[in-house]
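Quick note: the coordinates plus some simple rules give every number you see, no bench work behind them. Predicted model, so just to flag it, every value in this text is computed and none were measured. Cβ sites come from the backbone with ideal geometry, for glycine too, and all protein chains shown count toward neighbours.
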Amino acid sequence: MITLRGLGFSYPDSAEDDYALHSIDMEIADGSFCAVLGANGSGKSTLARILNALLLPCQGSLSVDGTQIDEPEAIRKIRCSVGMVFQNPENQIVADTVEQDVAFGPENLGLSNAEIRERTEKALCLMGLENLKKRNPRQLSGGQLQKLAIAGVLAMDCRYIVLDESLSMLDAQTKSEVLEPLKNLNEEKKLGIIMISHDIRDCIYADTVFVLDHGHLAMQGKAEAILERKDELRSLGIRC
Ligand SMILES: Nc1ncnc2c1ncn2[C@@H]1O[C@H](COP(=O)(O)OP(=O)(O)OP(=O)(O)O)[C@@H](O)[C@H]1O
Ligand SMILES: [Mg+2]
């Protein structure tokens, strides 16, 4: 479970009272598939970076599976528990072949060669990249690159994965090729999924929805109830 209590965040170069997130109370249950929606500038990426401790809260608390953000070793533990995929896959590629790129994360965890190979193969298969594993990532299409970035995070075997508008550049076919395996991992392995978007079509499998508005949590609840409130969602800048 990920818990945020009274969490506030202000960027160091912002004015003193200019908060990107205000007093956020949120619970992301184990094995949940949740969506975080919000207009441009509503604080989605800031929240994503807080969830995996790339940014640290200025106020309030964050805990991930019982680890409090202010404990010793918390940043390392939280970054292992919560994987992150960004919008732009080019920035996430680190190696010269698809296979090496996926293996990079597990290698840094100090695992055995057999375990690294197994995780890499599994993640490549899940994203449908097994036939491209010897390719240079620079030869891949945008959709294939995003699948590669997701495979790299899956190979880390995190408990949660945050996708920060990671599907927004993908066509409908590629979106479903990414969403289906994520949904299966969510159902079968209880991988927690936090799908960040400004389009409810990316949230078809979400069980829980959070909506941000100017850094405030404006709506939260079960997906079927929230996604029905279309007028309110549109007034908060969500495409639906
Ligand atoms: N590095 C930064 N320094 C200062 N302010 C920032 C920084 N990054 C974001 N902000 C501000 O924080 C607020 C929230 O931004 P954030 O990027 O989290 O929103 P977002 O919902 O992800 O937007 P988008 O839909 O455009 O990705 C905005 O007012 C933004 O201008
Ligand atoms: Mg963003």
What's the magnitude of the charge dipole for the chain around its Cα centre, counting Lys and Arg as +1 and Asp and Glu as -1 at the beta-carbon? Answer in Debye, nearest 20. 520
When DSSP assigns beta bridges and you keep just the ones with both residues in segment 2-235, what percent turn out antiparallel, to the nearest 5? 50
To the nearest 20 debye, what is the magnitude of the charge dipole of segment 42-145 about its Cα centre, counting +1 on the Cβ of each Lys and Arg and -1 on the Cβ of each Asp and Glu? 280
Which residues qualify? For M219, with a placed amide H closer than 5 Å and at least 5 residues away or on another chain, they are V211
Could you tell me the center-to-center distance, by alpha carbons, between segment 25-39 and segment 170-240 in angstrom? 9
So D231 and E180, fully extended at 0.36 nm per residue minus their Cα-Cα distance, gain in nm 15.5 nm
Most packed first (mean Cβ within 10 Å per residue), the peptides 29-36, 219-226, 3-10 order as 29-36, 3-10, 219-226
Relative contact order (percent) for segment 2-235, with alpha-carbon contacts under 8 angstrom and 6 or more residues of separation? 28
Suppose each label sits 7 Å from its Cα in the direction of the beta carbon; what would the H216-D25 distance come out to in nanometres? 1.5
The chain - mean residue ellipticity at 222 nm from DSSP helices (-39,500 (n - 2.57) per run, n ≥ 4, rounded to 500): -10000 deg cm²/dmol
Paired Rg and Dmax values of the chain, which use every Cα atom, in angstrom: 17.6, 53
Taking the C-alpha atoms of segment 171-212, how large are the radius of gyration and the largest Cα-Cα span, Dmax, in Å? 10.6, 29
Treating the angle as unsigned and between 0 and 90°, give the value, to the nearest 10°, between the Cα long axis of helix 142-154 and the longest Cα principal axis of the chain. 90
Hydrodynamic radius of segment 8-85 per Kirkwood, over alpha carbon pairs, in Å: 13.4
For N88 and K134, extending 7 Å from Cα along the Cα-Cβ vector and measuring point to point gives, in nm, a value of 3.3
What is the packing order of peptides 115-122, 205-212, taking the mean over residues of other C-beta atoms within 10 Å and listing the highest first? 205-212, 115-122
For the pair R76 and A114, how long in nm is the line joining their label points, each one 7 Å along Cα→Cβ? 2.6
For S10, what residues show an amide H to amide H distance below 5 Å, using hydrogens built from the backbone and excluding near sequence neighbours? A20, C58
Would you work out if segment 62-122 is rounded, prolate or oblate? Take a ≥ b ≥ c from the square roots of the eigenvalues of the alpha-carbon gyration tensor; rounded if a/c is under 1.5, else prolate when a/b is larger than b/c, oblate otherwise. oblate
Enumerate the lysines that K44 could reach by cross-link, defined here as Cα to Cα under 28 Å, with residues fewer than 8 away along the same chain left out. K77, K147, K175, K183, K189, K190, K222, K230
